[in-house]
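Heads up, the thing below is written out as structure tokens.
The values are calculated or read from the model by the stated rules, or taken from the named source; none is laboratory data. All values reported here derive from a predicted model rather than from experimental measurement. Note that each Cβ is placed from the backbone with ideal geometry, even for glycine, and that neighbours are counted across all protein chains shown.
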Amino acid sequence: MAADLFWPWVTVAGLGALHGLNPATGWMLAAAWGLRSGGTKQALGALWPIGLGHVASVALVALLVVAGLQVNRMLIQCAVAALLLVSVAAHVWRRAPRALRAPAGQVGMALWSFLMSSLHGAGLMVVPALLPLCMSDVAAASDMAGSRPLLVALVAVGLHGAAMLSMTGLVAVGLLRGLRFIGGEVR
């Protein structure tokens with residue numbers, strides 16, 4: 001039984017690491033923050049809003065799955081794409097052309113991370129690994145059997161987020177150090 005539950009956990013962590021390698025989910029923003037400030041400390045500080053947005057996207061889908069609701073990928077992607085377009089239009093309309101040069105704030109990075117994670121289906125990719133974990137005998141064996149799958153799903157989302165942030169940080173810091181190596185002024 002324990003061996004059957006090992007691979008879903010590895011899958012959840014592996015998908016997090018894979019998401020951390022994707023430039024759309026944050027390492028470019030973290031590296032840009034570090035490059036703009038001249039150090040890796042800012043790049044690592046950018047991981048919190050990036051992780052918050054990504055984990056919120058995955059947690060939303062995980063909660064829907066645990067609640068037994070069917071997730072319509074096309075509906076989620078259309079809603080997120082509309083929200084992204086509204087966000088960009090509001091940003092450009094409100095502060096153009098200065099907005100095109102302004103760095104993203106922490107709220108902007110969290111929103112970007114949430115939208116990109118939702119748009120490319122980060123939470124939906126985790127569903128096949130979540131189902132065996134949430135529906136296992138281990139998850140059901142509890143006095144609070146109704147809340148146990150939710151707890152297992154939240155732990156899986158946390159593991160996924162930690163793996164994603166670790167990889168995002170490694171790529172961003174590696175890029176900044178590589179730039180310093182070839183002659184940049186990044187500290």
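Pull up segment 1-46, narrow it to residues that are over 19 Å from the mean Cα position of the chain (by Cα) and not in a helix (DSSP H, G or I), then point me to the one that is surrounded by the most Cβ atoms within 10 Å (Cβ to Cβ). Ranking the qualifying residues of segment 1-46, first place goes to Gly39.
Out of Thr11, Thr40, one residue alone is closer than 27 Å to Gln77 by Cβ and β-branched (Val, Ile, Thr). It is Thr11. Looking across segment 57-71, just one residue is surrounded by 11 or more Cβ atoms within 10 Å (Cβ to Cβ) and polar (S, T, N, Q), and that is Ser57. For segment 96-114, the count of residues that are surrounded by 13 or more Cβ atoms within 10 Å (Cβ to Cβ), outside any helix (DSSP H, G or I), out of contact with any strand residue (DSSP E or B) (no Cβ under 6 Å at 6 or more places or on another chain) and modelled with pLDDT of 75 or more is zero.
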